Amino acid sequence: MSNYFGTDGIRGEYGKNLTYDLAFAVGNALSQIKKSPKVVIGHDTRTSGDAIMLAVSGGIIQGGGNVTIVGTITTAGISFLTEHKKFDYGVMITASHNPPEYNGIKIFDSTGRKLGDNEEEFLEEFFENNHIACQAGNLTYEEKLKEEYVSHLKSSINTTLNDMKICIDASNGSGYKIAPKIFNMLGAKVFKVSCNNDGNKINVNCGSLHIENLIKKVKKNNADIGFAFDGDADR
């Protein structure tokens with residue numbers, strides 16, 4: 001049984017049971033179970049996102065892997081890019097629906113699926129025993145890759161949403177920019193709730209766990225429908 005991975009990756013309170021050292025070790029382990037892997041990394045809006053992202057990236061690079069950072073994106077976006085752009089792994093830095101002080105690490109394999117139990121346990125063997133590799137990899141920033149995900153979402157529907165009024169509560173998380181953009185591109189008139197890049201307020205009395213805000217917005221604007229997301233927009 002895994003000591004670190006739960007049902008949806010590694011999660012914990014930043015600085016307590018989810019530390020920079022642990023994140024670094026996880027990244028370094030990825031570069032040991034596959035030689036010179038190509039890894040795409042994204043995060044939600046949490047204030048600790050940059051620290052955890054850089055720790056994981058540093059571990060991968062020191063192990064000889066190559067990292068591509070795409071910035072703030074949804075969990076589904078990282079899954080898509082991992083498979084679509086043929087990365088060996090995808091890493092999403094998020095604690096999903098949890099409060100701002102928490103963060104987490106979700107890892108996807110080359111098919112865009114989350115690692116299985118056996119793979120997670122194998123990964124843990126490396127960072128639990130401090131097997132740290134020391135080589136040299138590369139780091140690049142390619143936020144433009146997010147546009148490929150946006151294009152994929154737009155092409156997944158074969159109609160328009162012209163004249164529809166849609167309300168969106170993005171929970172001040174990963175979907176704060178992408179979700180309204182997609183619906184606008186499809187022709188809808190969008191009314192936003194908690195669609196801010198605010199890591200201090202991610203999931204705080206908003207989003208999919210607090211749909212009362214969305215209900216009020218839908219009624220106020222006589223909207224056709226409303227969507228409430230969590231912090232990484234996977235629900």
Lone unmet requirement of (1) touching a strand residue (DSSP E or B) at 6+ places or on another chain (Cβ under 7 Å); (2) modelled with pLDDT of 95 or more for residue 213: (2)
Number of the condition not met by residue 162 [criteria: (1) in contact with a Gly (Cβ under 8 Å, 6 or more places away or on another chain); (2) over 30 Å from residue 29 (Cβ atoms); (3) open to solvent by less than 60 Å² (accessible area, probe 1.4 Å)]: (3)
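Could you go through the stretch 111-121 and let me know if any residue there is among the small types (Gly, Ala, Ser) and part of a helix (DSSP H, G or I).
The first filter runs over the stretch 111-121 and keeps only residues among the small types (Gly, Ala, Ser), leaving 112, 116.
Pick out the ones that are also part of a helix (DSSP H, G or I) and you get none.
There is no residue in the stretch 111-121 that is among the small types (Gly, Ala, Ser) and part of a helix (DSSP H, G or I).
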Pair list, Cβ under 9 Å, 6 or more apart: the stretch 13-26 residue among the charged types (D, E, K, R), other residue part of a helix (DSSP H, G or I): 21/55
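For (1) modelled with pLDDT of 95 or more; (2) among the hydrophobic types (A, V, I, L, M, F, W, C), each residue gets a yes or a no:
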residue	(1), (2)
101	yes, no
116	no, no
128	no, no
131	no, no
136	no, yes
Count of residues meeting criterion [closer than 28 Å to residue 112 by Cβ, β-branched (Val, Ile, Thr) and open to solvent by 40 Å² or more (accessible area, probe 1.4 Å)] in the stretch 195-235: 1
The stretch 172-194, subset of a type in the set (S, T, N, Q), under 22 Å from residue 216 (Cβ atoms) and not in a helix (DSSP H, G or I), residue least open to solvent (accessible area, probe 1.4 Å): 172
Condition broken by residue 113, with the remaining ones in (1) open to solvent by less than 20 Å² (accessible area, probe 1.4 Å); (2) touching a helix residue (DSSP H, G or I) at 6+ places or on another chain (Cβ under 8 Å) satisfied: (1)
Residue check for residue 118: polar (S, T, N, Q) and without any contact (Cβ under 8 Å) to a residue 24 or more places away in the chain: yes
Residue tally, condition crowded, with 24+ Cβ neighbours inside 10 Å and either among the aliphatic types (A, V, I, L, M) or without any contact (Cβ under 8 Å) to a residue 40 or more places away in the chain (or both), over the stretch 80-96: 5
Residue, modelled with the lowest pLDDT, within the stretch 67-99, restricted to residues that are touching a Phe, Trp or Tyr at 6+ places or on another chain (Cβ under 6 Å), hydrophobic (A, V, I, L, M, F, W, C) and outside any helix (DSSP H, G or I): 95
Total residues in the stretch 32-52, condition open to solvent by 10 Å² or more (accessible area, probe 1.4 Å) and either in a helix (DSSP H, G or I) or at pLDDT below 95 (or both): 7
Residue 101, sole failed condition from (1) more than 17 Å from residue 49 (Cα to Cα); (2) more than 15 Å from the chain's Cα centre (by Cα): (1)
Residue that is surrounded by the fewest Cβ atoms within 10 Å (Cβ to Cβ) [pool: residues in the stretch 5-31 that are at negative phi and assigned to a loop (DSSP other than H, G, I, E, B)]: 7
Extreme residue, surrounded by the most Cβ atoms within 10 Å (Cβ to Cβ), among residues of the stretch 136-154 that are charged (D, E, K, R) and not in a loop (DSSP other than H, G, I, E, B): 146
Matching residues in the stretch 159-171 - criterion: being assigned to a loop (DSSP other than H, G, I, E, B) and either polar (S, T, N, Q) or modelled with pLDDT of 95 or more (or both): 159, 160, 162, 164, 170, 171
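The values are calculated or read from the model by the stated rules, or taken from the named source; none is laboratory data. Source: prediction; values computed, not measured. Glycine also receives a Cβ, built like all others from the backbone with ideal geometry; neighbour counts cover every protein chain displayed. To get the accessible areas, we keep the full protein, side chains included, count just its heavy atoms, and leave off ligands, DNA and RNA. Shrake-Rupley method; radii C 1.70, N 1.55, O 1.52, S 1.80 Å.
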